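I have placed the structure first, in the form of structure tokens, so that the comments after it can refer back to it.
The values are calculated or read from the model by the stated rules, or taken from the named source; none is laboratory data. Just so it is clear, the structure is predicted and the values come from calculations on it, not from any experiment. Ideal geometry is used to build each Cβ from the backbone, glycine not excepted, and the neighbour counts take in all protein chains shown. These area figures cover heavy atoms from the full protein model, side chains too; ligands, DNA and RNA do not enter into them. Shrake-Rupley method; radii C 1.70, N 1.55, O 1.52, S 1.80 Å.
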Amino acid sequence: MPRSHCAPGQNSLAALLVRLGLLLLFAAAGRLAFAAQMSSDAVSSAPVAVLSPGQGSLALEPFAQLAEDKTGRLTVDSVDSAAHWQPLPASGFNPGFSHSSWWLRIGVHNPGSAPQTLLLDTDSALADYLDLMLVHADGQVQSSLTGDRRPFATRALENRTFALPFTLAPGERATLYLRQASHDGLQEVLRPRLWELNAFAPHLQRETLLFGLYFGTIAAIFLYNLFLFLSAPERNMGLYLLYVAGMFGWAFTFRGYSLQYLWPDSPDLNNQLLPLLAGVCYCAIGLFAQEYLQLRHMAPRWMLRAHQTLYILNALTMLPALFGHYSLAFALLLPVGSLALLQVNLFCIWLWRRGSRPAHFFLLSFTLQSIGILMYFLRMLGVLEPGLIVEYSMHIGSFLQVLLLALGVADQWNTLKAEKLKAEQQARAAEHTLNTQLAVEVRQRTEELQLANQRLSELAITDELTGAFNRRHFNQMFTTTYAGHRRLQTPFAFCMIDIDYFKSFNDLCGHKAGDDALRKVSQCLRSHLKRDTDALFRLGGEEFGILMCMDSPGRKAPPFVENLREAIEAMNLPHPGSKFGRVTASFGLLTAETDSTLSSADEVYSRADALLYQAKASGRNRLVHGRG
């Protein structure tokens, strides 16, 4: 699998159909163009490349001629006469798998009256053995024998890509030669470009800045989630961190920065790490998917076993890289990894159709990465014009994937935390009721009986549609809570809520939409109840009630309830049958101080209901407050 197009990391973990299809399309298009044009007997001369002052840069593909050296023995002195030169195919320099040496010949000319200092850049960091040579008009040869199988010090310019600076005398015509040979048959794509030195420096600075932002943000995401993992170790977070670390290492090596900054004298280590890190990415994302999507609980047993078998095979495909078989490692990694990703994505689609939130994040992250890969391959095939977004589309896609997966893990944590918090609130509410009514019996019960009662109470007191406490629990808790207020002479507040024009909403939008609106209103109200002693009840239909125990209800309760009203209105749920155009609610709030004259819970309920009726009669979407 050519490293320049489809090695894993930034693009390895995309959806299989896009990834494999584009790979085959790109490789087939390039190889067919090579085969068609290299088999032709006609040899045409290429035009001479001229870079005008101020032009900045010039793509050299239209000016290049190509020759194949099957023996690998030709030199710059013999290649002109011994090789069969052909115009470079329109698909560019893309030999694919080949054990031959490949030559590019490009004529350059300085038509000006002053010396011209230029730079040849190959836009590649991974060519195994790459010889860059310039033959001047007087026969002098300027060369740089380099490649990522040679130490970094062999490069004429300290840059992640292979480049050759040179100077043309006034009016001079010279010839550039590029010779590429591979370690084990895997050839790299070259996109040679001629640069003015004063234009190459800003290009290099921009590229360094963009890659710095990319690697910096990936590292920041990694470190942030590492701190979370250390504070609360979770298996899926650990696997996510392993994937991010593997992808970061692969991308840093793939772009040539590892050889430049980390191990400039160890090119063999650099090449071994690419397939090894690619395999780590495959295995990590597979194991992460198993934990994050809960395949152990959701998948059939045979599917889980097949999934695990494929990722064991993925780990085994990394072994050839340890013995220098680079091409074999990627040739094995591609089909095995692709099958594993296909299985994960198909199961993810199955979960997504059943409303799994983790599957939403997982599929969205792969879709965005696939779009980035698609744009990259369309650029390589010449369909899209070069540009900042197109040129770095793979990096943008991989960054969005990492970010979305991080958000997905955080969302899963928050969901579990919310479920735990809800269970704790329900448990405290049930315990409060049981302690008030059955204090003696509860103390005598064992821990097992407490747990059983707690589970039964949770089922009995919760409204299935809205998640609020139900009317039955309200009837129990309301009387008890008010009796405690009367006995202890503590402040007390009760608020009744009615969704405005709800019958019209059901008639116009349907009962399914009405149920959804009830759930959203309940969720909005519950999200604002921060105190354990505050409780939300569904009293019936579109009517809710809130019990509040405050230090000073007369002062604190009305602003708090007004915030609830504004929060419901701020949800902007469309309501075609309301004069407000959105879902709103009316509130009747009754507060009782320590000197309250209210005699019973029924009287409290009736007074609050009257206040609610007054709010509705006054135009709805408002709060009416009274004191008892």
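For residues that are polar (S, T, N, Q), over 41 Å from the mean Cα position of the chain (by Cα) and within 30 Å of His203 (Cα to Cα), scanning just the range 51-109, find the one that is modelled with the lowest pLDDT. Ranking the candidates gives Ser52 first.
Scanning the range 110-148 for residues that are aliphatic (A, V, I, L, M) and either in contact with an Asp or Glu (Cβ under 6 Å, 6 or more places away or on another chain) or open to solvent by 30 Å² or more (accessible area, probe 1.4 Å) (or both) gives Ala114, Leu126, Ala127, Val135, Ala137, Val141, Leu145. Residues satisfying the criterion are present in the range 493-503 (criterion: at pLDDT 90 or above, exposed (fewer than 15 other Cβ atoms within 10 Å of the Cβ) and over 20 Å from Leu564 (Cα atoms)).
Residues checked against (1) within 12 Å of Arg191 (Cα to Cα); (2) of a type in the set (Val, Ile, Thr):
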residue: Pro89; (1), (2): no, no
residue: Ser98; (1), (2): no, no
residue: Trp102; (1), (2): no, no
residue: Ile106; (1), (2): no, yes
residue: Gly112; (1), (2): no, no
residue: Pro115; (1), (2): no, no
residue: Thr122; (1), (2): yes, yes
residue: Asp128; (1), (2): no, no
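For the criterion of being of a type outside the set (Ser, Thr, Tyr), at pLDDT 80 or above and not in a helix (DSSP H, G or I), Leu405 fails.
Among the small types (Gly, Ala, Ser), surrounded by fewer than 20 Cβ atoms within 10 Å (Cβ to Cβ) and touching a Cys at 6+ places or on another chain (Cβ under 6 Å): is that true of Ala483 in this structure?
No.
Against the test of being open to solvent by 10 Å² or more (accessible area, probe 1.4 Å) and under 21 Å from Ser504 (Cα atoms), the options Arg531, Arg555, Arg538, Arg526 yield a single qualifying residue, Arg538.
When Leu564 is tested against (1) outside any helix (DSSP H, G or I); (2) open to solvent by less than 70 Å² (accessible area, probe 1.4 Å), exactly one condition is not met: (1).
Figure legend. Inter-residue proximity from the range 130-144: first residues among the acidic types (Asp, Glu), second residues assigned to a strand (DSSP E or B), beta-carbon distance below 7 Å, spacing 6+ or different chains. Indicated pairs: Asp131/Ser143; Asp131/Leu145; Asp131/Arg179. With respect to the stated conditions, Gly467 fails to be at pLDDT 75 or above, farther than 28 Å from Leu518 by Cβ and open to solvent by less than 40 Å² (accessible area, probe 1.4 Å).
Please determine whether any residue of the range 94-109 is of a type in the set (A, V, I, L, M) and open to solvent by 10 Å² or more (accessible area, probe 1.4 Å). Checking the range 94-109: not a single residue is of a type in the set (A, V, I, L, M) and open to solvent by 10 Å² or more (accessible area, probe 1.4 Å).
Does Ala284 satisfy being crowded, with 22+ Cβ neighbours inside 10 Å and closer than 27 Å to Ala359 by Cβ?
Details: crowded, with 22+ Cβ neighbours inside 10 Å: yes; closer than 27 Å to Ala359 by Cβ: yes.
When the stated conditions are applied, Ala284 passes them.
Scan the range 570-588 and give yes if some residue there is under 20 Å from Leu465 (Cβ atoms), in a helix (DSSP H, G or I) and open to solvent by less than 40 Å² (accessible area, probe 1.4 Å), otherwise no. The answer is no, given that none of the residues of the range 570-588 is under 20 Å from Leu465 (Cβ atoms), in a helix (DSSP H, G or I) and open to solvent by less than 40 Å² (accessible area, probe 1.4 Å). Out of all the residues in the range 415-430, is one or more of a type in the set (Ser, Thr, Tyr) and more than 25 Å from Leu209 (Cα to Cα)? The answer is yes, given that some residue of the range 415-430 is of a type in the set (Ser, Thr, Tyr) and more than 25 Å from Leu209 (Cα to Cα). Inspection of the range 163-175 identifies at least one residue that is open to solvent by less than 10 Å² (accessible area, probe 1.4 Å), under 28 Å from Ser52 (Cβ atoms) and of a type in the set (Gly, Ala, Ser). Only residues that are more than 21 Å from Lys503 (Cβ to Cβ) and either out of contact with any helix residue (DSSP H, G or I) (no Cβ under 9 Å at 6 or more places or on another chain) or of a type in the set (D, E, K, R) (or both) were counted across the range 612-628, and they come to 1. Output the residue which, of all residues in the range 178-219 that are within 22 Å of the chain's Cα centre (by Cα) and open to solvent by 60 Å² or more (accessible area, probe 1.4 Å), is nearest to Val48 (Cα to Cα). Among those that are within 22 Å of the chain's Cα centre (by Cα) and open to solvent by 60 Å² or more (accessible area, probe 1.4 Å), it is Leu209.
Yes or no, residue by residue, for (1) touching a helix residue (DSSP H, G or I) at 6+ places or on another chain (Cβ under 8 Å); (2) without any contact (Cβ under 8 Å) to a residue 40 or more places away in the chain:
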| site | (1), (2) |
| --- | --- |
| Ile497 | yes, no |
| Asn506 | yes, yes |
| Ala513 | yes, yes |
| Leu518 | no, no |
| Val521 | yes, no |
| Lys530 | no, yes |
| Arg538 | yes, no |
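For the range 232-243, residues that are within 11 Å of Tyr282 (Cα to Cα) and either assigned to a loop (DSSP other than H, G, I, E, B) or open to solvent by less than 40 Å² (accessible area, probe 1.4 Å) (or both) total 1. Counting only helices (runs of 4 or more DSSP H) that fall entirely inside the range 306-388 and contain at least 3 residues that are at pLDDT below 80, within 27 Å of Ala410 (Cα to Cα) and polar (S, T, N, Q), the qualifying elements are 357-380.
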